[in-house]
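Input: a single structure, listed below in C-alpha cells.
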Amino acid sequence: MSAAAVRSSTAGRRSRPLSQRVFPHVITGVMIALALLWLAPVLWAIDTAVKAEPDTIKIPATWAIPHLTFSAFSTDFSASDIGRWYINSAIVSLLVTVFTVITASMAGYALSRQRFRGQNLLYGAILAGIMIPPQALMVPLFREFQAIHGLNTYWALVLPQVPSPVAVFIFKKFFDGQPPELDQAARMDGASWWTCYRRIALPLSRSAVAAVSIFTFVWTWNNFLWPFLSSTNTPMMTIPVGLGTVIPGEGITNALVMASAILGALPLVVVFLFGQRQIVEGVAGTGLK
Amino acid sequence: MSELTLKGLTKRYDDGTLAVDGLDLEIGDGEMMILVGPSGCGKTTALRMIAGLEEITDGELWLDDQMVNELAPKSRDMAMVFQNYALYPHMTVRQNMSFGLEQAKLEKGEIARRVAEAAATLDLTEHLDRKPAQLSGGQRQRVAMGRAIVREPKAFLMDEPLSNLDAKLRTQMRTELARIQGDLGTTTVYVTHDQIEAMTLGDRVAVMSAGVLQQVGSPQELYARPENLFVAGFMGSPAINLLPARVEGESLQTPIGEVPLDGRLRDALGRAERRDGVVVGLRPEHLLDDGLNGHGGNGGGVTFTGDVTVLEAMGAEYYAYLELPEHTAVGEMAGMDRTTAAEAGVDPVARRDSGQLVARLPLDSRVRERGPITLRFDPARLHVFDPHSGRRLTDPDR
C-alpha cells in the first residue's frame with residue numbers, strides 16, 4: 001500500500017463517527033458475556049462431576065476442586081449397562097430421524113405440490129397436531145403397545161416418536177419456496193411424481209433435511225418420558241432413562257448426577273461439532289430453536 | 001415430428017376466471033407457431049395446457065391422430081423450455097441434459113451420444129461438467145435448449161425462452177434458435193410477448209388478447225392486413241397510428257386531412273355498422289416527408305403539416321412524434337373508457353389516445369425537433385376499422 005493510500009485509509013477510519021467505532025466492541029463484549037452466561041452451568045456441571053461427593057455440598061460453593069476424581073464417571077460405567085444404552089439411544093435416534101425425514105418430507109412435498117380434495121383440511125389437521133402436548137398421548141400409546149405386546153422393543157421406542165407435524169410444516173414451507181418450474185420441467189422430462197421428489201425436490205432441500213435431522217436427533221436422544229414408559233427392561237433403556245437408574249434414591253449424588261448428564265450429552269456435543277453450520281442454517285432458515 | 005390441433009381449448013379457473021376461451025389452432029408438422037399477446041392474454045396458459053401442466057377445462061387437444069387431453073405430461077412426448085430455464089441446480093449440464101433420456105430408459109451409450117451431439121450443436125461441450133450456477137445467462141439458455149433437443153420430442157414448447165437475456169444476447173439467441181428449429185424441423189409452439197420475436201421467428205403467428213385468439217397468419221400478413229384494431233395496434237414498432245375519422249359528403253375527415261372517398265374506401269364504409277365514425281390506421285413508415293425527392297415527394301396523396309414535438313434518432317432512421325391538431329380518443333369513439341379499453345385488451349388503442357402521431361423518416365429528411373414538417377400519405381395505405389367491433393373494414397378478402 002502506498003503512503004498516500006495508507007494516509008487516506010487512516011483518515012477514513014478517523015472520519016467514522018465515534019458510535020460506529022465503539023459499537024462493534026460493545027457487541028463483542030455483550031456476546032462474550034452471553035456466551036459465558038450459557039457456558040457457566042456447563043462448566044459447573046463438569047466441575048461438580050470431577051469432585052468427590054462431599055466436596056460438592058460445601059458451603060460456600062466454590063469452583064475449586066480439592067480432590068480431582070473421576071469416580072462418578074466410573075460408577076456410571078461400572079454400575080450400569082451404559083454401553084448398551086448408548087447403542088440403544090443411537091439406534092433409536094437414528095431410526096426416528098431417518099423415518100421422520102422420509103415421511104415428513106414426502107408429506108410436505110405432497111401438500112406443497114399436489115392438489116387434492118380436502119388438502120387444506122388435512123394440512124390443518126396436521127398442524128393442529130403441534131398443539132397436542134405429547135404427554136397427553138402417553139397413556140393411550142402405552143396401552144396400545146401393551147395390547148400388542150410391543151413394549152420393550154425398538155418399535156415401541158421408535159414409531160411413536162416418528163410423526164412430526166413441525167417437520168411436515170418445515171418441509172412444506174421449504175418446498176413451497178422451490179420454483180415449481182423445476183418439478184414441471186422434470187415432469188415434462190418424463191419423471192413420475194416419485195422421481196420429481198427423490199431426484200429433484202429432496203436433493204435441493206439439504207438445509208431443510210439437515211435442520212429436521214439435527215433437531216429430531218437431539219430431541220429423540222434427550223427424550224425421557226416415552227422411552228421411560230415403554231422400556232422397563234434395563235437392556236432396552238436409552239441413555240437418559242438408563243442413567244436415571246444409576247443414581248440411588250438416597251445420599252449425596254451431585255457428582256454422579258452431573259457425570260451422568262455429561263455422559264448423556266456428550267454425543268450431542270459431537271453432533272453439534274460436526275453439524276454446526278447446518279444447525280445455524282437450520283435455526284436461521286426454519287425459525288426453530 | 002407431428003401436428004398439433006387445438007379445438008375450442010378453454011381454461012376456466014376455479015374462481016371463474018376465463019384464461020383461454022375456445023382457442024382453435026392447427027399447427028402443422030415442423031411449423032414454428034408463435035403465440036403472442038400482452039401479459040395475461042392467456043398465451044402461457046394455452047401452452048401449459050398443451051404441455052399437460054394445466055388441466056383443460058373444455059375443448060380438445062390432438063397430437064396427430066390422438067386426443068391427448070387426459071395424457072400426463074410425460075406421456076405426450078413434448079419438451080418444454082421455460083422462461084427461467086428451470087435447470088436442475090444440483091446437476092451438471094450433462095446430468096441436466098441426460099435426465100429426460102434416463103427417464104425414457106435409453107441405453108447409456110445412446111444417452112452419451114445424444115448429449116455429446118446436442119452439446120456440440122449448442123457449443124456447450126466444454127461446459128458439460130459444470131453446474132448451472134457456473135454458467136452465464138446465454139449458456140444456461142442453451143442448456144435449456146439442449147435438454148429439449150436431446151429428447152428428440154414430437155414438439156417443442158417454449159415459454160418466453162429469451163426474455164431473461166440482455167438485448168444483444170437475445171438477438172443472437174433468436175437467430176440461433178431459428179437456425180436450430182429449422183435444422184431439426186420439429187413442430188414448435190413458442191410463446192412471447194415480444195412482437196419482434198414473433199415477427200422474426202414464426203412461420204405463423206397467433207395473436208391473443210384476453211384469452212381470445214384475434215388472428216392467425218404469417219408475420220407479414222398480420223402486419224399488412226390486421227383483422228382488427230387489437231392486432232393492428234399490437235403488431236409493429238412503433239405502433240400503428242390510429243385516428244378517428246368521419247364521413248362528410250364525398251370525403252373522410254381525419255385529423256391529418258381530408259381523404260377523398262375512392263371505391264376501396266366506399267366499400268369499406270359500406271361494411272361499417274354506422275357510417276358516422278370509423279377508425280383509420282396508418283403505419284408510421286407510410287407517413288412520408290413531403291419535402292424529400294426520391295421518396296415520392298411532391299407526388300399525389302394527402303398532405304398535412306404538423307409540429308414535431310419529439311424526434312428520436314434511431315441510427316438508421318428518425319421517429320418523429322407530432323401532436324395532432326384536433327383529436328377524439330379512439331377508445332372513446334368505441335364507447336370505451338381507458339380502463340375498459342385496457343381490460344378488453346385493446347390497450348394499444350388506449351395508448352394512442354394521446355393525440356400523438358408517429359412517423360418513421362429516413363435520415364436524409366430535414367425534420368427538426370420543435371419544427372414544422374409536411375407529411376404525405378397514400379390513401380391506399382389507410383386501414384379502416386369499425387370502432388365498435390374493432391373489425392378491419394378495408395380489403396376484407398385480401
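FYI, it's all coordinate maths here, none of it is from the lab. Keep in mind the model is a prediction, meaning the values are calculated, not measured. Because the Cβ atoms are built from the backbone with ideal geometry, glycine has one as well, and the counts that use them run over all protein chains shown.
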When you count, for each residue, the other Cβ atoms within 10 Å and take the mean per peptide, how do A:184-192, B:142-150, B:234-242, B:10-18 rank with the highest first?
B:142-150, A:184-192, B:234-242, B:10-18
Could you pull out the longest piece of chain A with no exposed loop chymotrypsin sites (Phe, Trp or Tyr not before Pro) in it, calling a site exposed if DSSP puts it outside H, G, I, E, B and it has at most 12 other Cβ atoms within 10 Å?
A:117-289
Rh by Kirkwood over Cα pairs, then Stokes-Einstein D for region A:91-226 at 1.306 mPa s and 10 °C, µm²/s
98 µm²/s
Leading residue at positive end of dipole, the protein assembly as shown (Cβ point charges), from A:Ile46, B:Ala116, B:Gly59:
A:Ile46
Please average, across the residues of B:66-77, the number of beta carbons from any other chain that are within 10 Å of each residue's own beta carbon, and give a whole number.
2
Can you pick out the pairs among A:Lys172/B:Lys11; B:Lys105/B:Lys154; B:Lys43/B:Lys131; B:Lys43/B:Lys74; B:Lys11/B:Lys43; B:Lys43/B:Lys168 whose Cα atoms lie more than 23 Å from each other?
A:Lys172/B:Lys11; B:Lys43/B:Lys131; B:Lys43/B:Lys168
